[in-house]
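Any read-out appearing in this document is the output of simple, stated calculations on the displayed coordinates, not a laboratory observation. These figures come from a predicted structure and were not determined experimentally. Cβ coordinates were reconstructed from backbone atoms using ideal geometry, including for glycine residues, and neighbour counts include every protein chain displayed.
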Amino acid sequence: MRHLPDVFAFASTNFPEQGFYSKDSHKFFKKTLFSTLHETAERFANYLIQNAALKRGENVALFGDNSAEWLIADMAIQNAGAVVVPRGSDSTPQELEFILEHSEAKIVFIEHLRLYKKISALLKKRGARVFVLDPLFPEKIAQEDNFQILPHLLKSIPALKVEELQNLKKIREDIKPSDLFTIIYTSGTTGEPKGVMLSHSNMMYQLEVVPKALSMATQDRILSILPVWHIFERFMLYSAIRAGAHYYYSSKKDLMEDFIRIKPTLMASAPRLWEQIYQKLREQIDKTEAFNRELFDLSYNIKQRLSRAQNLLHGQSDAVGAKNFFQNTWDFFKAGWTVFSLKLPDIYMDSIFLTRVRAMLGGELRGTISGGGALPFHIDEFYNAIGIPVYEGYGMTETSPLIAMRTEGKIVMGTVGEVPLGTHVEIRDEDGKRVLPSGEQGVIFVKGPGVMQGYFKNEEATRKILQNGWLNTGDIGVFTQSGQLAIRGRAKDTIVLRSGENLEPVPIETLLSQHPLIEQAVVVGQDQKNLGVLIWPDYDKLVDAGYDVREFDLANDLNKIPELIQVFKEIAGTLVKEENGFKSYERISHVRFLPQKMLVGDELTALIKIKRNVVYKKYKALIEDMFKGT
């Protein structure tokens with residue numbers, strides 16, 4: 001198989017029972033065979049070619065959410081040899097306008113009436129051919145604007161004639177592995193999206209690696225929760241198709257119920273969701289009788305100690321090797337004794353209580369895939385200890401997305417696993433010129449089959465990140481003694497929340513710094529639930545406002561004045577809001593004051609840009625205190 005349309009055709013023929021499950025109006029799962037979806041997609045591809053003048057290599061905008069209709073549109077566009085430009089329906093009108101204009105898409109798919117109301121003027125301005133994914137979209141509006149409602153249209157498209165099938169086959173044969181299958185727009189440092197160009201060969205490499213790493217097979221039931229336009233979700237989707245696994249579309253609202261109904265074997269999500277699931281499990285346990293709570297604590301304590309000891313014995317802990325021979329020997333002896341002494345109690349307690357905990361997640365979950373940010377250690381350890389392995393991975397849209405991933409039997413907490421065969425990773429100094437020795441921390445550079453072709457119509461941005469095939473991730477990392485990759489932070493500005501949302505702090509900081517009371521602002525929140533900000537206020541203005549504060553008095557800690565923290569929280573709330581073009585997850589939830597002003601040569605560059613690594617390191621305790629308890 002050379003490209004994704006080959007994968008679709010292969011799955012349609014070889015996995016006749018493979019099902020895709022979406023919910024009806026009564027929230028019952030409705031099964032559709034993948035072969036049926038593929039046949040429908042082929043008919044629609046032919047329609048797009050003949051009736052919408054879709055040509056090979058053209059960009060098609062697909063602004064929608066998780067559904068069978070989205071998958072049909074995606075496959076149809078690719079079967080026609082065109083390029084999918086996806087985005088979620090919750091995107092801002094400004095983002096969607098930029099994507100439409102920049103991608104030059106002449107055909108646009110939109111999700112529903114809410115999205116139509118948001119961008120109707122833009123669609124009319126563009127004069128694009130519009131298809132609607134939602135079957136409940138008002139037919140009157142569709143007729144007035146000459147839109148076509150996809151579910152209705154699909155029912156009217158006849159079966160393909162022999163010559164039409166031959167034409168689609170010819171198109172599929174002509175698609176090259178180097179041809180683009182998608183352009184995914186990600187936010188840039190100025191907030192202007194950049195179109196990541198990914199080829200069929202980029203994704204085909206992922207399909208060689210991921211299903212094998214996860215032992216994905218036809219009996220697997222995969223629960224889908226991530227936005228389908230994200231590269232993380234798409235590579236899970238295509239991996240499931242390639243492996244013949246069954247795919248279920250769920251939602252955060254129905255998730256805990258769907259765990260019981262579906263009994264999934266695999267599920268991928270951002271760290272924030274795994275944390276929310278952990279909290280819900282704890283809530284359910286805490287609602288039980290005191291004896292049951294004590295039983296859980298005892299069971300988990302045994303499982304936790306046993307898991308740590310087994311990791312040490314199996315060489316899955318990077319604590320080994322850093323000590324002298326005698327210390328290592330003693331650690332191994334203690335670990336061996338722990339395993340020996342806890343094995344029987346664990347078997348007994350696991351069957352009594354932890355089996356019931358796993359049953360809350362369906363009882364058959366053999367692995368969770370976490371990506372898009374760092375998973376908190378206690379959450380990571382919890383799932384692994386109770387018998388649900390966490391296959392944490394690391395990647396980015398620009399690498400389609402996998403760079404490193406944990407695999408079965410090789411789970412080292414605190415790391416994102418090993419780099420797969422074919423991908424090369426180097427840890428370099430800040431200038432990106434010198435490769436650092438193993439064990440030394442630096443910037444992560446990656447080269448391999450998953451790396452993008454570049455940014456669409458943006459050579460300058462491409463040159464900044466991609467040179468001689470090596471991509472500068474902007475992340476700080478280190479290879480551990482066991483050969484695992486560990487992420488230590490970000491060298492670039494982008495902040496990734498636990499929910500997997502990417503955001504740029506500079507526009508927020510710029511706006512905050514324009515307020516009369518704020519002289520300097522640094523937005524923080526990497527791998528947190530929400531954002532916080534470190535502020536250096538204008539002391540003169542504070543004095544004018546009646547506050548008894550002194551700029552050069554080191555003993556004058558503003559963080560001990562709750563009233564002042566609340567004032568600046570309210571300032572941030574009035575500025576950083578959706579009415580000013582910000583998304584809901586970009587709101588500021590926490591405020592702390594810097595103990596001293598940031599200076600050029602220390603926290604600031606000569607161009608007055610913030611050295612975020614310096615700020616994070618220097619004020620680590622202050623930042624941790626800010627997010628404590630959240």
Original post:
What is the set of long-range amide H partners of Thr415 at a cut-off below 5 Å, with H atoms built 1.01 Å from backbone N?
Top reply: none
Original post:
Do any chymotrypsin sites (Phe, Trp or Tyr not before Pro) in the stretch 328-383 lie in a loop, going by DSSP, with at most 11 other beta-carbon atoms within 10 Å of their beta carbon, and if so which?
Top reply: none
**OP:** State, as an integer percentage, the relative contact order of the stretch 504-627 based on alpha-carbon contacts under 8 Å between residues 6 or more apart.
**Re:** 24 percent
**OP:** Measure off 7 Å from each Cα along the Cα-to-Cβ vector at Arg282 and Thr218, then give the distance between these two points in nanometres to one decimal.
**Re:** 4.3 nm
Original post:
So what is the relative contact order of the chain, in percent, for Cα pairs below 8 Å that sit 6 or more residues apart?
Top reply: 10 percent
Subject >> the stretch 432-492: GluC sites (Glu not before Pro) falling in loop per DSSP and having at most 15 other Cβ within 10 Å >> reply: Glu440
Original post:
Percent antiparallel among DSSP beta bridges with both residues in the chain, to the nearest 5?
Top reply: 55 percent
Original post:
With r defined as the distance between the Cβ atoms of Lys541 and Glu440 and R0 fixed at 60 Å, what FRET efficiency is calculated, to the nearest 0.05?
Top reply: 0.85
Subject >> Packing rank of 614-626, 501-513, 282-294, where each peptide gets the mean count of other beta carbons within 10 Å, highest leading >> reply: 501-513, 614-626, 282-294
**OP:** May I ask you to list the trypsin sites (Lys or Arg not before Pro) in the stretch 333-412 that are in a DSSP loop and have at most 16 other Cβ atoms within 10 Å of their Cβ?
**Re:** Arg366
Original post:
Which entries of Lys55/Lys161; Lys117/Lys577; Lys169/Lys457; Lys125/Lys161; Lys140/Lys577; Lys30/Lys263 show an alpha-carbon separation above 26 angstrom in the structure shown?
Top reply: Lys169/Lys457; Lys125/Lys161; Lys140/Lys577
Subject >> Considering only the stretch 504-627, percent of DSSP beta bridges that pair antiparallel, nearest 5 >> reply: 55 percent
Subject >> the stretch 153-233, relative contact order [Cα under 8 Å, separation at least 6], % >> reply: 19 percent
